[in-house]
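The values are calculated or read from the model by the stated rules, or taken from the named source; none is laboratory data. Values in this document were obtained by computation on a predicted structure and should not be read as measured data. Here the Cβ positions follow ideal geometry from the backbone for every residue, glycine too, while neighbour counts run over all protein chains shown. Keep in mind that these areas ignore ligands, DNA and RNA; they rest on the heavy atoms of the full protein, side chains included. Shrake-Rupley method; radii C 1.70, N 1.55, O 1.52, S 1.80 Å.
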Amino acid sequence: MNTAPDRTVLISGASIAGPALAYWLHRYGFEVTVVEKAGAIRGGGYPIDIRGTALDVVTRMGLLPRLRAAHVDSREITFVGADGGPVGSVRPEAITGGVEGRDLEVRRGDLADALHDTVRQDVEFLFDDSIATLHDHDGGVDVTFRGGARRTFGLVIGADGLHSHTRRLAFGPEEDYHRYLGYCFAGFTMPNHLGLAREAMMWNVPGRAAALYAVGAGEQVHAFLNFVRPEPPVDAFRDPDAQRELVAAVFADAGWEIPRMVAALRTAEDLFFDTISQIRMPRWSTGRVALAGDAAHAPSFLSGQGSSIALVGAYVLAGELASHDSHIAAYAAYEDRTREFVKLNQDLATAGGAGVLPRTADELALRNRALRDPARLPGDQGRSAHSALVLPDYAR
């Protein structure tokens, strides 16, 4: 294996973009190390979608049969009004613009496990650790790890999510690139009181939404409470008790299943609270450091495309590094090939948020009319943004 200085790569993050990038880089002869702050690959989690060009990536990785077997195949989304009365039910693809029978929906943990399994014998994984400092110079990147070790790598790639620590070290504060879309959300699991199976229910009033999502027919469901807020609640980000109180106050007068959801929120051990936001950057690289996945261009879950563009970006970044003698030229080519694809998919979030999280009474009424007249919905023929990039064929 060629392990000249630029052929040693440290990837920060072992969720989606990180292991996918590690797989392709190893295929092209790079020596790869992946560092992950968690103690192991994170299993379970809410379902994510793989669509369009990303399906070509997992096919080329040989993962399509495994992911087809893990496909959730949600049957319908039922929308209810303020009192819990039904508004309409549709196939999920009618809202997402996906293609029934072709697109994949799998638990995030199932995808992460599949990606990890493709490289765990070939790539060094450092769990329960993270990057503490970076020093980028002509001969490589000197890295100090939180655990105390010090090593030098030819290249460093941050694939550590929306709140990337690697991005902060190399590019500066998150606030410089964070684009708040005006919503906050709380996600957690709770008992499946309604007996839901492979379906979701969504409650809406202007500026607030609640969803229960059953991946299978089990005893637990994924619960989400979403609400409009003009400014991010910065004081609550590092205080779970403050997060619980904020969400409980926003939904204090709500009906339907909301009182049960708020009660579950107060005791949930897996509470995840955040803003609905994007990362928009003028460049995804500086010196020998580059970014991939949400660290570079998080589109928010309103786009439904975070995992898909992470898979595509990882494929292209690895291919360009394999195709160029200079990391500078490779990083430039990576951005040139993928930026428009990323932008088109990020724009899905800002264009389609009113469908599931209507802010005003007028937006809600328009959405409800569309539910009663399916011709008004996006349909299940796919959106052009999902397949807007054709994968290059890189030399093996």
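Scanning the stretch 257-288 for residues that are touching a Lys or Arg at 6+ places or on another chain (Cβ under 7 Å), of a type outside the set (A, V, I, L, M, F, W, C) and in contact (Cβ under 8 Å) with a residue 60 or more places away in the chain gives SER277, GLN278, ARG280.
Looking across TYR331, TYR315, one residue alone is more than 30 Å from GLY97 (Cα to Cα) and part of a helix (DSSP H, G or I). It is TYR331. Scanning the stretch 131-161 for residues that are under 24 Å from HIS324 (Cβ atoms), of a type in the set (Gly, Ala, Ser) and under 27 Å from the mean Cα position of the chain (by Cα) gives GLY158, ALA159. The residue list ALA314, ALA292 contains one member that is in contact (Cβ under 8 Å) with a residue 60 or more places away in the chain, touching a Gly at 6+ places or on another chain (Cβ under 6 Å) and on the phi < 0 side of the Ramachandran plot, which is ALA292. Going by the conditions given, is VAL58 out of contact with any Phe, Trp or Tyr (no Cβ under 8 Å at 6 or more places or on another chain) and either part of a helix (DSSP H, G or I) or crowded, with 22+ Cβ neighbours inside 10 Å (or both)? In short, yes. Residue pairs whose Cβ atoms lie under 7 Å apart, sitting 6 or more positions apart in sequence or on different chains, and linking a residue in the stretch 142-158 that is open to solvent by 40 Å² or more (accessible area, probe 1.4 Å) to a partner that is assigned to a loop (DSSP other than H, G, I, E, B) and modelled with pLDDT of 95 or more, are ARG146/ASP129; ARG146/SER130; GLY147/ASP129. Scanning the stretch 206-235 for residues that are assigned to a loop (DSSP other than H, G, I, E, B) and closer than 18 Å to ASP253 by Cα yields PRO206, GLY207, ARG229. Among the residues of the stretch 22-49, those identified as modelled with pLDDT of 95 or more, more than 17 Å from PHE127 (Cα to Cα) and hydrophobic (A, V, I, L, M, F, W, C) are TRP24, LEU25, PHE30.
The residues of the stretch 79-91 that are open to solvent by 20 Å² or more (accessible area, probe 1.4 Å) and farther than 18 Å from VAL106 by Cβ, listed by number, are ALA82, ASP83, GLY84, GLY85, PRO86, VAL87, SER89.
Among the residues of the stretch 223-251, just one is open to solvent by 40 Å² or more (accessible area, probe 1.4 Å) and within 27 Å of ARG198 (Cβ to Cβ), namely PHE224. From the set of residues in the stretch 104-121 that are open to solvent by 20 Å² or more (accessible area, probe 1.4 Å) and not in a helix (DSSP H, G or I), which is nearest to SER303 (Cα to Cα)? Top of the filtered list is GLU105.
Screening the candidates ALA254, ALA186, ALA210, ALA217 for the property of being surrounded by fewer than 19 Cβ atoms within 10 Å (Cβ to Cβ), of a type in the set (A, V, I, L, M) and either touching a residue at least 40 places away in the same chain (Cβ under 8 Å) or touching a helix residue (DSSP H, G or I) at 6+ places or on another chain (Cβ under 8 Å) (or both) yields one hit, ALA254. Among (1) assigned to a loop (DSSP other than H, G, I, E, B); (2) within 24 Å of the chain's Cα centre (by Cα); (3) of a type in the set (A, V, I, L, M), which single condition is ALA252 missing? Only one criterion is unmet by ALA252, namely (2).
Condition check: surrounded by fewer than 20 Cβ atoms within 10 Å (Cβ to Cβ), more than 13 Å from the chain's Cα centre (by Cα) and not in a helix (DSSP H, G or I). Does ASP347 satisfy that? The answer is no for ASP347.
Taking the listed residues THR166, THR133, THR144, the one that is in contact with a helix residue (DSSP H, G or I) (Cβ under 9 Å, 6 or more places away or on another chain), among the polar types (S, T, N, Q) and assigned to a strand (DSSP E or B) is THR133, with no other qualifying.
The set of residues in the stretch 257-288 that are hydrophobic (A, V, I, L, M, F, W, C) and surrounded by fewer than 24 Cβ atoms within 10 Å (Cβ to Cβ) comprises ILE258, VAL262, ALA263, ALA264, LEU265, ALA268, LEU271, PHE272, PHE273, ILE276, MET281.
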